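The values are calculated or read from the model by the stated rules, or taken from the named source; none is laboratory data. Note that the structure is a prediction, hence the values are computed from the model and not measured. Cβ coordinates were reconstructed from backbone atoms using ideal geometry, including for glycine residues, and neighbour counts include every protein chain displayed.
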Amino acid sequence: MDLQLFCFPGNEAFEKRLLQYDGIYSGKMTIRRFPDGESYVRLCSDVTHKDLAVLLSLHQPDEKILSLYYFAKLARQFGAKSITFIAPYLAYMRQDQAFKPGEVVTSGLFAQLLSDWVDAILTFDPHLHRIRDLSEIYSIPTLAIPAEPLISDYIKSFINKPVLIGPDEESRQWVERIARQVGCDFMVLQKERLGDHSVRVTLPGIATIQDRTPVLVDDIISTGRTMIETAAHFQEQGFPAPVCIGVHGIFAGNAYRELKDAGIETIVTTNTIPHPSNGIDVSGLVPGALRQLPY
Ligand code: R5P
């Protein structure tokens with residue numbers, strides 16, 4: 001593996017970790033905005049006949065996607081051999097069907113877009129629900145790296161008598177596998193989304209797990225409402241303080257503050273999206289995954 005890594009602004013901490021590995025070396029570029037908001041991209045390293053990787057986590061994707069397009073076009077123009085897109089968080093996976101008549105289904109359209117620009121995509125735990133595998137919508141090689149071994153290690157190291165709680169059916173896949181690795185019980189709740197900022201979570205009986213620490217695990221924390229509503233049930237019933245773990249901490253708007261204000265003291269995320277809650281470093285899984293790509 002010999003990959004020249006280009007890093008978009010905001011991803012430098014992850015980049016620094018990746019550059020520690022043999023076969024990954026730094027490529028230089030400038031990304032900025034003109035005063036009128038238009039995007040500017042300049043390649044400052046020679047990319048001719050080289051295999052490139054571009055690192056960009058896609059939270060707030062609409063602000064970034066055009067620069068990625070310009071980067072990919074520019075790299076091709078200067079003769080790059082291949083472009084692997086490392087998107088620790090991959091956006092536009094949740095609108096995977098039309099929930100109301102007339103709605104756009106963005107997941108497939110976004111996948112087509114990226115498939116035209118880059119040669120392969122590597123990401124962590126994409127939100128696979130009705131779409132079971134990225135290959136259903138991406139026409140290029142994709143690799144979805146599970147963060148769960150590292151989440152399991154975290155729980156085993158830091159949480160006393162855990163019981164894993166999945167707030168909705170979509171979280172079952174993570175919760176079930178992590179619980180197996182930790183060797184603890186788990187429970188999957190039912191969630192109804194009432195709007196962008198409103199969910200209703202219902203619990204089955206919880207008498208059997210009364211003395212354990214509820215560890216709420218979800219792939220994405222966005223508005224935080226799912227975690228807040230779920231935690232509230234356990235807080236009301238006198239459980240030990242719940243711990244919230246998210247693979248991708250988007251924390252839209254004031255979500256992080258609101259979670260804290262709701263009395264959730266421990267919120268831990270992986271570093272797929274840079275945030276003060278990052279407590280689980282997943283970057284070490286990237287080099288091995290890169291070696292699985294077909295070039
Ligand atoms: C959706 O199904 C995901 O798995 C998460 O449960 C969801 O994205 C959390 O969103 P929020 O933080 O806005 O409740």
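Quick check: is even one residue across segment 138-161 exposed (fewer than 14 other Cβ atoms within 10 Å of the Cβ), within 16 Å of the ligand (Cβ to nearest atom) and assigned to a strand (DSSP E or B)?
Looking for residues that are exposed (fewer than 14 other Cβ atoms within 10 Å of the Cβ), within 16 Å of the ligand (Cβ to nearest atom) and assigned to a strand (DSSP E or B), one finds none in segment 138-161, hence no.
Give all pairs with beta carbons closer than 8 Å in which a residue from segment 58-74 that is under 15 Å from Ala111 (Cα atoms) meets a residue that is surrounded by fewer than 19 Cβ atoms within 10 Å (Cβ to Cβ) and small (Gly, Ala, Ser); count only pairs at least 6 apart in sequence or on separate chains.
Cβ pairs passing all conditions: Leu66/Ser39.
Report yes if Leu74 is farther than 27 Å from Thr270 by Cα, assigned to a helix (DSSP H, G or I) and out of contact with any Pro (no Cβ under 8 Å at 6 or more places or on another chain), otherwise no. Steps first, answer last, please.
On the way: farther than 27 Å from Thr270 by Cα: yes; assigned to a helix (DSSP H, G or I): yes; out of contact with any Pro (no Cβ under 8 Å at 6 or more places or on another chain): yes.
Yes: the conditions hold for Leu74.
Looking at Ala252, Ala231, can you tell me which residue is surrounded by 21 or more Cβ atoms within 10 Å (Cβ to Cβ), of a type in the set (Gly, Ala, Ser) and either touching a residue at least 12 places away in the same chain (Cβ under 8 Å) or out of contact with any strand residue (DSSP E or B) (no Cβ under 6 Å at 6 or more places or on another chain) (or both)?
Details: Ala252 fails: surrounded by 21 or more Cβ atoms within 10 Å (Cβ to Cβ).
When all the criteria are applied, what remains is Ala231.
Take the residues in segment 231-255 that are within 16 Å of the ligand (Cβ to nearest atom) and among the small types (Gly, Ala, Ser); name whichever of them is farthest from Arg94 (Cα to Cα).
Once the filter is applied, the top-ranked residue is Ala232.
Pro88: under 24 Å from Arg172 (Cβ atoms) and in contact (Cβ under 8 Å) with a residue 60 or more places away in the chain, yes or no? Explain how you work it out, then say what you get.
Working: under 24 Å from Arg172 (Cβ atoms): yes; in contact (Cβ under 8 Å) with a residue 60 or more places away in the chain: yes.
Yes.
With farther than 19 Å from Ser198 by Cβ, at pLDDT 95 or above and of a type in the set (A, V, I, L, M, F, W, C) as the only criterion, which of Ile250, Ile228, Ile264, Ile245 stands out? Before the answer, list the steps.
Working: Ile250 fails: farther than 19 Å from Ser198 by Cβ; Ile228 fails: farther than 19 Å from Ser198 by Cβ; Ile264 fails: farther than 19 Å from Ser198 by Cβ.
Every option except Ile245 fails the conditions.
Could you list all residues from segment 184-202 that are without any contact (Cβ under 8 Å) to a residue 12 or more places away in the chain and not aliphatic (A, V, I, L, M)?
In the first step, residues of segment 184-202 are kept if they are without any contact (Cβ under 8 Å) to a residue 12 or more places away in the chain; the result is 192-195.
Passing the criteria: Glu192, Arg193, Gly195.
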